[in-house]
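Engineer: Have a look at this one.
Where a number appears in this text, it was derived from the coordinates with a stated rule and is not lab data. For clarity, every value in this text was computed on a predicted model and none was experimentally measured. Cβ sites come from the backbone with ideal geometry, for glycine too, and all protein chains shown count toward neighbours.
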Amino acid sequence: METRFRCPCCGYRTLEAPGALALCPVCWWEDDGQEDSDAAEVRLTVNGALSLDEAREHYARCGAAHPRFLPYVRKPQTTEL
Ligand SMILES: [Zn+2]
């Protein structure tokens, strides 16, 4: 079984490595290493003006890190829970 890392936004195990700038297919958050300790910070890098806190709120509400990502996201697979 391969070990995967939890996406800091949606919490599913979709990432090959932490902070590797990979795009999470479930919520479309790009993992730039932002975590709980600095979740409120807006880094203005790969996730634009989205802070991790905001992305989590969006995911809880609509199922994607931002409503504009909804066309791209997919449901988590059972192996990612
Ligand atoms: Zn995610």
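Engineer: For F5, all conditions in the list (1) within 13 Å of the ligand (Cβ to nearest atom); (2) out of contact with any strand residue (DSSP E or B) (no Cβ under 7 Å at 6 or more places or on another chain) hold save one; what is the number of the exception?
Structural biologist: The failed condition is (2).
Engineer: Okay, moving on. Quick one: is T14 within 12 Å of the ligand (Cβ to nearest atom) and not in a loop (DSSP other than H, G, I, E, B)?
Structural biologist: Here the answer is yes, as T14 does meet what is asked.
Engineer: Could I ask something else about it? Output the residues belonging to the range 23-59 that are in a helix (DSSP H, G or I) and either away from the ligand (no atom under 12 Å from the Cβ) or loosely packed, with under 11 Cβ neighbours inside 10 Å (or both).
Structural biologist: D36, S37, D38, D53, E54, E57
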